[in-house]
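Read-outs: derived from the displayed coordinates by stated rules, not from any lab. Please read these numbers as outputs of a predicted model, since none were measured by experiment. Quick reminder, even Gly has a Cβ in these numbers, built from the backbone with ideal geometry, and neighbours come from all protein chains shown.
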Amino acid sequence: MTTLEVPLLKNLADMDLDTALETQGGRFDVNCVNWPSEFPYAPLCAGRIARTEDSLVVDFRVSGMDLRAQNLQDNGTQWEDSCVEFFVQDPSGKCYYNFETNPRGKVLAACGPNRNERVKRPASEMEEIVRLVTPEEIVESEGGIRAWRVTLLIPFELIGVDPDNLPASLRANFYKCGDCTPHPHFLSWSPIGTPHPDFHCPEYFGELLLK
């Protein structure tokens, strides 16, 4: 099983979040091309993950062809855009949560036991997800190389975790996709063994070790 340590960020009062992530965060690479015959394109996608006392901090950094960012509101069809995704299982094992984000920082967030039974998070919960995006002004393009970054601060309570009683680990996966971009792609951190693209597969999640 793919594993990754999630450290507690220290001395945040004395340094900015970027520096804390760069020096303390656990690095992940979203580079598994699980369906190479159908979708061989693989943009660069990596990031860092860490935690505060009450939130997960998930930082994605992307560079690749084409930039699509047509979803201007939360809970849209973010996966059709240039998109990064973080899926994590509830510690109870009864459901998992998906957070799908485009370059504008617009997020699709839902929960449920499988692909078909998803419940989108209400606006009051969406407002609790902090999103930091670079660059702030997004210019869509076909062709050419574009770099962008999204950092999410996701409160533990939004993924069924008591911040005062953290589990030792969480099952999760990181993804990069762009279903409606000129070069569709479907990459993952932890490998997926399905015959066709499918990110809704908790059985292929890796393990995040909370430190």
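Select from R68, R146, R171 the residue whose mean-square fluctuation is largest in a Gaussian network model of the chain (Cα-Cα springs shorter than 10 Å).
In this elastic network of the chain, the residue with the biggest mean-square fluctuation among R68, R146, R171 is R146.
With r as the distance between the Cβ atoms of D179 and E203 and R0 = 25 Å, compute the FRET efficiency 1/(1 + (r/R0)^6) and round to 0.05.
0.65
Return the sequence-ordered ³J(HN,Hα) values of region 107-117 in whole Hz as given by the Karplus equation 6.51 cos²θ - 1.76 cosθ + 1.60 applied to θ = phi - 60°, using x for Gly and Pro.
With the stated coefficients, region 107-117 comes to 10, 9, 10, 8, 9, x, x, 7, 4, 8, 10 Hz.
Lysine pairs in region 94-211 with Cα distance under 22 Å, only those 8 or more apart or on different chains: how many are there?
Lysine pairs meeting both conditions in region 94-211 amount to 4.
Starting from the 7 Å offset along Cα-to-Cβ, what nm value, one decimal, do you get for the label separation of Q73 and E128?
2.3
Relative contact order for region 103-211 using alpha-carbon pairs under 8 Å, separation at least 6, rounded to a whole percent?
Reported as a whole number, the value is 21 percent.
Please return the longest stretch of the chain lacking exposed loop sites, where GluC sites (Glu not before Pro) count only if DSSP places them in a loop and at most 15 other Cβ atoms lie within 10 Å.
Here the longest segment lacking exposed loop sites spans 141-211.
Under a point-charge model restricted to the Cβ atoms of Lys and Arg (+1) and Asp and Glu (-1), what is the dipole moment magnitude of region 91-160 relative to its Cα centre, in debye to the nearest 20?
240
Which length gain, in nm to one decimal place, applies between R115 and E157 when the Cα-Cα distance is subtracted from 0.36 nm times their residue separation?
Length gained between R115 and E157: 12.9 nm.
What is the chain's relative contact order, in percent, from Cα pairs under 8 angstrom and six or more apart in sequence?
28
When the chain is modelled as a GNM with alpha-carbon springs shorter than 10 Å, which of T19, T151, T77 fluctuates the most?
Maximum fluctuation in the GNM of the chain, among the listed residues, is at T19.
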